[in-house]
Amino acid sequence: MKPDPAEFWNTRYAAPGFAYGEAPNDFLVEVADRIPAGPVLCLAEGEGRNAVFLAKRGHAVTAVDLSSVGLGKAKASAERAGVALTTVVANLASWPMPERAFAGVISIWAHLPTPERAALHARVARALVPGGVFVLEAYRPGQEQRGTGGPPNVELLMRAQELREELTGLEVVIAREVTRAIHEGQYHQGDSDVVQVLARRAAP
Ligand SMILES: C[S@@+](CC[C@H](N)C(=O)[O-])C[C@H]1O[C@@H](n2cnc3c(N)ncnc32)[C@H](O)[C@@H]1O
């Protein structure tokens, strides 16, 4: 029988502490100033470290994830930090994403199967307001050999060129493949092969 992904992630997040730490992702921190003021959507947000960071910067944040346990922890972190956070437990493959709604859409380690990912990225392009930006960091092929984090299944990894093609309608500002040291909680530790993207919806 195929394992239920929600159950996998709920079990991971049921452990005490934060699987990927409480600090926001490095690439998101690097480009956060380029997200215009306004609402932000965090895809596959897990335990909420990036959502809380963005809410503290003044964005109204919506976090979507399969895992009710992860988003419960995200909500509790937001309450401790004194910021608002809207959470939606849903599968991104079928979640009806609002259109022209967000100044930023953030995708940190959201590894969906390729056809679902491409369809998701087509919806992301429409979800941004003009001038809004998409921020992504994900593992790329090669990482499955390292054992320093990310899905072991190469089919869930992605390349900069594929992302460029999927993000039609957006102006790609950054699309780079880098190897960098990552230290995020228990599961992401060590030199890692990643792809980083910043793309913008043209202003009217
Ligand atoms: C490696 S974790 C990253 C969590 C968070 N973005 C972070 O950086 O801390 C991957 C997340 O993707 C979520 N996820 C995987 N497939 C999903 C899907 N189809 N729909 C919604 N969430 C999904 C999992 O529940 C998990 O929280």
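Every number in this text was worked out from the coordinates using simple rules, so none of it is lab data. This one's a predicted model, so the numbers in the text were calculated from it and none came from an experiment. Every residue, glycine as well, gets a Cβ built from its backbone with ideal geometry; the counts of neighbours run over all protein chains shown.
Once you have the alpha carbon radius of gyration of the stretch 61-111, what is it after dividing by 2.2 N^0.38 Å, with N set to its residue count?
Scaled against compact globular proteins, the figure is 1.18.
Can you give me the C-alpha center-to-center distance between the stretch 111-148 and the stretch 152-169, rounded to a whole angstrom?
6
Measure off 7 Å from each Cα along the Cα-to-Cβ vector at Arg57 and Ala101, then give the distance between these two points in nanometres to one decimal.
Those two pseudo-labels are separated by 2.1 nm.
Work out how much length Ala15 to Ala181 would gain on full extension: take 0.36 nm times their residue separation and subtract the Cα-Cα distance, in nm to one decimal.
Additional length available on full extension: 57.3 nm.
Could you work out the pair-distance distribution P(r) of the chain from its alpha-carbon pairs, with 5 angstrom bin width and percents rounded to whole numbers?
1, 8, 16, 21, 22, 18, 10, 3, 0, 0
Tell me the label-point distance for the pair Asp26, Ala118, using the 7 Å Cα-to-Cβ offset, in nm and rounded to one decimal.
Result for the modelled spin labels: 3.2 nm.
Take peptides 43-51, 114-122, 193-201 and line them up by average Cβ neighbours within 10 Å, highest first, as a rough protection proxy.
Taking the mean over residues of other Cβ atoms within 10 Å, the ranking is 43-51, 193-201, 114-122.
For the stretch 188-204, in order, what is each residue's ³J(HN,Hα) by Karplus, 6.51 cos²θ - 1.76 cosθ + 1.60 with θ = phi - 60°, in whole Hz (x at glycine and Pro)?
These are the phi-based 3J(HN,Hα) values: 10, 9, x, 4, 9, 8, 10, 10, 10, 9, 10, 9, 10, 7, 4, 5, x Hz.
P(r) for the stretch 134-189: what percent of alpha-carbon pairs falls in each 10 Å bin, starting at zero?
21, 50, 26, 4
Share of antiparallel DSSP beta bridges in the stretch 1-159, in percent to the nearest 5?
0
Treating the stretch 106-147 as a set of equal point scatterers at the Cα positions, no solvent, please give the Debye-formula log₁₀ I(q)/I(0) at q = 0.16, 0.17, 0.32, 0.34 Å⁻¹.
-0.50, -0.55, -1.19, -1.22
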